[in-house]
Amino acid sequence: MQTKRMKYFMKYFICLVLVSMLQHAAAQAPHLYLINAAKIEAIKKSAAKNKTVEDGIRQLTKEADKLLPKKFGSVIDKKFAPACGNMHEYYSKARYYWPDPSKPDGKPYIRKDGQKNPDNDLISDDKNFDDLISAVNTLSWAYYFSGEEKYAEKSITLMRFWFLDTATYMMPNLNHAQERTGIDTGVSSGIIDTHLLPQVVDAISLLRASKCWNATDEAGMKQWFTAYLQWLRTSKNGKKESQAKNNHGTFYDNQVVTIALFCGEKKIAAEKLQTEFARIASQIEPDGKQPLELARTNALGYSIFNLEAWSMLANAAATTGVGLWHYQTADGRSIRKAIDYLLPYVADGKKWEYQQIGPYKPEVFYHILLLAADQYKDDNYRLEAEKIKASLKKNVTNFLFE
């Protein structure tokens, strides 16, 4: 009887400690990796006196309201199973691979860079994942700025749905991402499918103040991310992607660093960050060109895409005291130089000198310019950002960067 009583009190004590930890975390400013937490706190405090922020929050919550009744798909909703047969495994098709017209069955598929095969949409995991990450991001920010629990509840429900619930969860690997028909059952470059996964890490920090977030959620998400981090670092596909020299390598590193920091693996994050100085030197020329991105058929889009990865990674690095934003090689290679090279093409209408066979996302470069204005204390970047603001698609989180 005494042993049972001791076990009961130990469990009770552990629960109290966990609740206390969560309450303490809720009382603190959110620990963000992808965006400056101090700036976000200042934006929140300025809402009552700043019409731009007030309007931004109004639009954000309006968009979040649309998400509340929406149903989302999970990995088990796809029409076809991956090669392993487990519907809980994430599965997607390589977007730029098409049937070979010279072969009776079209196999093995051949690559057409920049040309997305619409048949890939028959596998729904990548779309369902993107929709869920976007919703979690919007809902979590709506909760942070409004304090309304309905947004937190929906966001947390979606996290449980995708990562924790035994009936619908995704296994923590990408063994079957971007399968190339007739070639493999999943490829290392498929890890790019989850390049926005670090947004979930920031969302968790935003949601810790909610009464809907509990110790089981915290432990469950850390367990999932710990397993995924292990897969990233030890699997065949993960090891190969870590060696990618272009945007794939940058986004891979950002996932490893951000997730490692979230999981308390500071040594892993620190070791990875020390390799980033060499990556800047290898990816960016002294004049700011990114040769590996310029070789693509959507060269401007991919140059911006890689800078998006660098901005996320540099922000995560800054939380550990590593200054990627301000690093420059002896011959002038730097993130800033890469931004400056693209600026006249995006903001000033200068004719692009390389291929761009499809659309690109100027809104991403808009965010990068605003981050640059803050990092380099140079309002010229903000003025350049204003030039492209009117042409941007509606983005309810723009005010976070302004």
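The values are calculated or read from the model by the stated rules, or taken from the named source; none is laboratory data. For clarity, every value in this text was computed on a predicted model and none was experimentally measured. Please note: Cβ atoms are built from the backbone with ideal geometry, for glycine as well, and neighbour counts cover all protein chains shown.
Conditions (1) of a type in the set (V, I, T); (2) part of a loop (DSSP other than H, G, I, E, B), marked per residue:
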| residue | (1), (2) |
| --- | --- |
| T166 | yes, yes |
| M171 | no, yes |
| L174 | no, yes |
| Q178 | no, no |
| G182 | no, yes |
| G186 | no, yes |
| S189 | no, no |
| I192 | yes, no |
| Q199 | no, no |
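Being among the hydroxyl-bearing types (S, T, Y) and assigned to a helix (DSSP H, G or I) is the filter here; which residues of segment 54-87 pass it?
Here is the first cut: in segment 54-87, the ones among the hydroxyl-bearing types (S, T, Y) are 61, 74.
T61 - this is the single residue of segment 54-87 that is among the hydroxyl-bearing types (S, T, Y) and assigned to a helix (DSSP H, G or I).
Here's the yes/no breakdown for (1) modelled with pLDDT of 95 or more; (2) touching a Lys or Arg at 6+ places or on another chain (Cβ under 6 Å); (3) not charged (D, E, K, R):
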site	(1), (2), (3)
Y169	yes, no, yes
E179	yes, yes, no
G182	yes, yes, yes
T185	yes, no, yes
S189	yes, no, yes
H195	yes, no, yes
A203	yes, no, yes
S210	yes, no, yes
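Answer yes if at least one residue in segment 254-273 is outside any helix (DSSP H, G or I), at pLDDT 95 or above and of a type in the set (K, R), and no otherwise.
Here is the first cut: in segment 254-273, the residues outside any helix (DSSP H, G or I) are 263-265.
Those still in the list that are at pLDDT 95 or above too: 263-265.
Keeping just the survivors that are of a type in the set (K, R) gives none.
Checking segment 254-273: not a single residue is outside any helix (DSSP H, G or I), at pLDDT 95 or above and of a type in the set (K, R).
Does segment 38-53 hold any residues that are assigned to a helix (DSSP H, G or I) and touching a residue at least 40 places away in the same chain (Cβ under 8 Å), and which are they? Talk me through it step by step, then tell me what you get.
Going through segment 38-53, the residues assigned to a helix (DSSP H, G or I) turn out to be 38-46, 51-53.
K39, I40, I43, K44, T52, V53 - these are the residues of segment 38-53 that are assigned to a helix (DSSP H, G or I) and touching a residue at least 40 places away in the same chain (Cβ under 8 Å).
Would you call A278 over 21 Å from the mean Cα position of the chain (by Cα) and assigned to a helix (DSSP H, G or I)? Don't jump to the end; show me each part of the working.
Working: over 21 Å from the mean Cα position of the chain (by Cα): yes; assigned to a helix (DSSP H, G or I): yes.
So A278 fits the description; yes.
For the structure I just gave you, tell me whether A270 is among the small types (G, A, S), in contact (Cβ under 8 Å) with a residue 40 or more places away in the chain and farther than 24 Å from P291 by Cα. Step through it out loud before you land on a result.
On the way: among the small types (G, A, S): yes; in contact (Cβ under 8 Å) with a residue 40 or more places away in the chain: yes; farther than 24 Å from P291 by Cα: yes.
Spelling it out, A270 is indeed among the small types (G, A, S), in contact (Cβ under 8 Å) with a residue 40 or more places away in the chain and farther than 24 Å from P291 by Cα.
Could you count how many residues in segment 273-302 are more than 17 Å from D253 (Cα to Cα) and of a type in the set (G, A, S)?
4
So H31 clears everything in (1) in contact with a helix residue (DSSP H, G or I) (Cβ under 8 Å, 6 or more places away or on another chain); (2) at pLDDT 95 or above except one condition, right? Which one?
Unmet for H31, out of (1) in contact with a helix residue (DSSP H, G or I) (Cβ under 8 Å, 6 or more places away or on another chain); (2) at pLDDT 95 or above: (2).
Does D217 satisfy being over 18 Å from the mean Cα position of the chain (by Cα), closer than 25 Å to D125 by Cα, surrounded by fewer than 22 Cβ atoms within 10 Å (Cβ to Cβ) and outside the structural domain of L324 (by TED's automatic domain parsing)? Even if it seems obvious, please write down each step before you answer.
Details: over 18 Å from the mean Cα position of the chain (by Cα): yes; closer than 25 Å to D125 by Cα: yes; surrounded by fewer than 22 Cβ atoms within 10 Å (Cβ to Cβ): yes; outside the structural domain of L324 (by TED's automatic domain parsing): yes.
The answer is yes for D217.
Restricting segment 262-318 to residues that are surrounded by fewer than 20 Cβ atoms within 10 Å (Cβ to Cβ) and in contact with a Gly (Cβ under 6 Å, 6 or more places away or on another chain), which is nearest to V200 (Cα to Cα)?
T297
Name the single residue that is surrounded by the most Cβ atoms within 10 Å (Cβ to Cβ) among those in segment 88-145 being among the acidic types (D, E) and not in a loop (DSSP other than H, G, I, E, B). Step through it out loud before you land on a result.
Let us first name the residues in segment 88-145 that are among the acidic types (D, E), namely 89, 100, 105, 113, 119, 121, 125-126, 130-131.
Checking the rest, the ones that are also not in a loop (DSSP other than H, G, I, E, B) come to 119, 121, 125-126, 130-131.
Values: D119: 12, D121: 12, D125: 24, D126: 21, D130: 13, D131: 16.
Among those that are among the acidic types (D, E) and not in a loop (DSSP other than H, G, I, E, B), it is D125.
Restricting to segment 323-355, name every residue that is over 25 Å from A281 (Cα atoms) and in contact (Cβ under 8 Å) with a residue 40 or more places away in the chain.
If we filter segment 323-355 for residues that are over 25 Å from A281 (Cα atoms), which is where we start, we get 347-351.
Residue satisfying the conditions is A347 alone.
Given the condition surrounded by fewer than 14 Cβ atoms within 10 Å (Cβ to Cβ), touching a strand residue (DSSP E or B) at 6+ places or on another chain (Cβ under 8 Å), in contact (Cβ under 8 Å) with a residue 24 or more places away in the chain and not hydrophobic (A, V, I, L, M, F, W, C), answer yes or no: does some residue in segment 75-87 qualify?
no
So, of the residues in segment 341-364 that are touching a Gly at 6+ places or on another chain (Cβ under 6 Å) and surrounded by 15 or more Cβ atoms within 10 Å (Cβ to Cβ), which turns out to be modelled with the lowest pLDDT?
Step by step, filter segment 341-364, then rank; the result is Y360.
Those residues that are of a type in the set (A, V, I, L, M, F, W, C) and closer than 20 Å to A317 by Cβ, I need them from segment 32-58; list them, please.
Restricting attention to segment 32-58, the residues satisfying the condition of being of a type in the set (A, V, I, L, M, F, W, C) are 32, 34-35, 37-38, 40, 42-43, 47-48, 53, 57.
Listed by number, the residues that qualify are L32, L34, I35, A37, A38, I40.
Surrounded by 20 or more Cβ atoms within 10 Å (Cβ to Cβ) and more than 26 Å from N117 (Cα to Cα) - does that describe any residue in segment 168-179?
No, there is no match, as no residue in segment 168-179 is surrounded by 20 or more Cβ atoms within 10 Å (Cβ to Cβ) and more than 26 Å from N117 (Cα to Cα).
Among residues belonging to segment 374-399 that are outside any helix (DSSP H, G or I) and within 16 Å of G349 (Cα to Cα), point out the one that is nearest to the chain's Cα centre (by Cα).
Keep residues of segment 374-399 that are outside any helix (DSSP H, G or I), which gives 376-378, 390-397.
Pick out the ones that are also within 16 Å of G349 (Cα to Cα) and you get 390-392.
Numbers: A390: 25, S391: 24, L392: 20 Å.
Residue satisfying both the conditions and the ranking: L392.
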